1. Using only the alpha carbons, work out the radius of gyration and Dmax of the chain in angstrom.
2. Say R0 is 25 Å: what FRET efficiency, to the nearest 0.05, do ALA20 and ALA165 get from their beta-carbon distance?
3. Using Cα pairs closer than 8 Å and at least 6 residues apart in sequence, work out the relative contact order for the chain, in percent.
4. How many nm is it between the label spots at ILE224 and ALA64, if each spot is 7 Å from the Cα in line with the beta carbon?
5. Shape verdict for segment 17-156, please, from the Cα gyration tensor: rounded (a/c under 1.5), prolate (a/b greater than b/c) or oblate.
6. Which of the peptides 140-146, 62-68 is most tightly packed, and how do the rest follow, going by the mean number of other Cβ atoms within 10 Å of each residue?
7. Quickly rank 226-235, 70-79, 164-173 as a protection proxy: mean count of other C-beta atoms within 10 Å, highest first.
8. Please list 3J(HN,Hα) in residue order for segment 148-159, calculated via the Karplus relation 6.51 cos²θ - 1.76 cosθ + 1.60 where θ = phi - 60°; whole Hz, with x for glycine and proline.
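Only the coordinates and a few stated rules stand behind these numbers; no lab work does. It should be emphasised that the depicted structure is a prediction, and the values quoted were computed from it without experimental measurement. Reconstructed Cβ throughout: ideal geometry from the backbone, glycine too, with neighbour counts over all protein chains shown.
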Amino acid sequence: MPRPLRLGVNIDHVATVRNARGGRHPDPVRAAKLAAEAGADGITAHLREDRRHIIDSDIERLMAEIRLPLNLEMAATDEMLAIALRHKPHACCLVPEKRTEVTTEGGLDVAGQMDNLKRTVGDLGAAGIRVSLFIDPEPAQLDAAKALGAPVVELHTGAYCDAPAGAERAAELERIVRAAAHAEAIGLECHAGHGLSYETVGAVAAIPTIVELNIGHFLIGEAIFVGLGNTLQRMRAVMKDARAAAGGVS
């Protein structure tokens with residue numbers, strides 16, 4: 001029987017708006033609390049090396065004030081590893097990071113960076129932090145994640161979401177379906193995220209071997225018009241309906 005599908009809410013872009021002007025408003029920690037009230041299962045925040053949105057004090061406050069599990073997205077650097085080991089969030093998702101990118105442009109090349117990632121994955125795991133690797137839906141990357149000892153992978157759904165509706169998007173979806181099945185077969189917990197919206201989330205939510213979706217930019221954008229609570233509740237309803245239609249559990 002498929003497992004329930006969790007929703008992690010990424011609050012980075014509340015901080016983006018705050019940082020555009022400086023000061024303390026809007027507060028991403030307040031957004032995290034509202035997300036919790038609206039039924040989120042977890043909070044995701046990406047502490048980038050250039051601190052373009054989430055900043056160190058946000059992580060401190062999230063750890064102190066939020067009861068939901070915190071998933072800290074981060075690059076596999078010495079600085080970020082030290083921060084993670086100091087705060088000990090529930091989970092850390094290792095992602096590729098380039099200073100010039102607007103958003104994460106693809107998955108982490110785990111297969112090509114095994115030696116560089118081994119220490120980070122090992123130290124986080126030894127501290128009791130669940131390690132997730134953000135990867136493209138490719139079998140070689142899944143096998144490398146398993147070899148490193150990471151218990152979780154998050155499949156990058158950006159190519160699927162960006163593809164035109166029709167055959168091209170269907171082909172990208174099939175890559176995700178196959179990758180999620182392979183993750184299950186080799187004993188990895190499978191999450192997914194990046195670029196998901198009301199339009200694209202249903203097909204991914206229907207994949208029974210995916211147990212968590214992490215969504216941020218779309219939710220925060222929609223919240224401008226209808227409020228964060230209403231946006232999260234609608235997203236959860238779309239996810240639940242898609243899962244139920246596929247014969248899973250909500």
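1. Here Rg and the maximum Cα pair distance are 17.0, 48 Å.
2. 0.20
3. 21
4. Using points 7 Å along Cα→Cβ, the separation is 3.1 nm.
5. Prolate, since a/c reaches 1.5 and a/b exceeds b/c.
6. 140-146, 62-68
7. The densest-packed peptide leads the list: 70-79, 226-235, 164-173.
8. Each residue of segment 148-159 in turn: 6, x, 6, x, 9, 10, 10, 7, 6, 9, x, 5 Hz.
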